[in-house]
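Below: one structure, written as structure tokens.
Coordinate-derived values only; no laboratory data. Here the structure is a predicted model, which is why all the values come from computation and not from measurement. Note that each Cβ is placed from the backbone with ideal geometry, even for glycine, and that neighbours are counted across all protein chains shown.
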Amino acid sequence: MADSKARREPPLSPHLEIYKPAMTMIMSIVHRITGVALYFGTLLLSVWLVSAATSDAAFAAVHGFMTSWFGKLILFGFTWALLHHALGGIRHFIWDTGRGYGAEQRSFLAHATLAGSVGLTVLVWVIAFVTR
Amino acid sequence: MDTSSSMKTPLKRVRGLGSARSGTDHFWKQRLTALANVPLVIVMIAIVIALVGKDAAAAKAVLSHPVVAIPMVLFFVSVMVHMRIGMQVIVEDYVHEEGPKVLLLALNAFFSIAVGLAGIFAILKLSFGA
């Protein structure tokens, strides 16, 4: 090779940022982001259970935080992340069977994941408020 | 793994194992736990909803009931495996320097196992009393 002395960098595919964002792309990264959120959210669940196993005062402290407006905001986000990641996972199961790869199907699944997760989150919170 | 002095052919080395040397182990475990998580998450949400507005004594009575405690333990086992693999994939995707990567993979293992076992311990303590 004539230019072997100055080693050339191998060509790379165009960076993600040059593409116009598509719903499928957004749902892909949101699946990962909600996964990370749930990773740390699970800590919250453990802290809550450990507090219940420790003392009534510890449980009351955690309960107080969870039922504050900030705690509720976190729990609402937790609920949405959980349901969105679950529906995203079901979408992956559909793909694992070899189905759902058509352009229209991919777009439908991406939109359905978002609509389903938002709808189910509201439903869960309505049930929680009605039955408390 | 020293590949230069190995008698194995390159094909033999990668066949069935891939670059991570663990084959489809993670792929399979991630889907197995994902499948388990679907019903476990539904049960988990139902349990949390049932506890809304309950005081400590009532909450403990619910959490220590076998019908509640058993799925919760299963939930933590499945989630612990699932979240560890998921975070490992993310680390491997974005962290390419060997030192930080190994450190983060170790922290990932510690965090996942600690969070999971803490949750399981708490459920068992509530169930068995004392």
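Normalised by the number of residues in the range B:24-128, the mean separation of alpha-carbon contacts (under 8 Å, six or more apart) gives a relative contact order of 37 percent. For the residues B:R31, B:R15, B:R84, a GNM of chain B with alpha-carbon springs under 10 Å puts the largest fluctuation on B:R15. Ranking A:L123, A:A112, A:M23 by how far each Cα lies toward the positive end of the dipole of chain A (charges on Cβ) leaves A:M23 at the top. The long axis of helix A:69-96 is offset from the longest Cα principal axis of chain A by roughly 50 degrees. Note that chain A shows a convex hull volume over its alpha carbon atoms of 224 Å³ per residue. Only lysine pairs 8 or more places apart or on separate chains count here, and in the protein assembly as shown those with Cα atoms under 29 Å apart total 11. Each part gets one Cα centre, and for the range A:87-132 versus the range B:51-118 those centres are 23 Å apart. When peptides B:95-104, A:106-115, B:118-127 are sorted by average Cβ neighbour count within 10 Å, with the highest value leading, the order is B:118-127, A:106-115, B:95-104.
The mean count of C-beta atoms from other chains within 10 Å of the C-beta of residues in A:33-44, rounded to a whole number, is 4. Between the residues A:A81, A:W48, A:F59, the greatest Cα displacement towards the positive end of the dipole of the range A:22-131, with unit charges on the Cβ of Lys, Arg, Asp and Glu, is found for A:A81. Globularity index of the protein assembly as shown is 1.22 (Cα radius of gyration / 2.2 N^0.38 Å, N = number of residues). As an equivalent ellipsoid, chain B spans semi-axes of 40, 16, 12 angstrom, where each value is the square root of five times an eigenvalue of the C-alpha gyration tensor, largest first.
The mean count of C-beta atoms from other chains within 10 Å of the C-beta of residues in B:49-56, rounded to a whole number, is 6.
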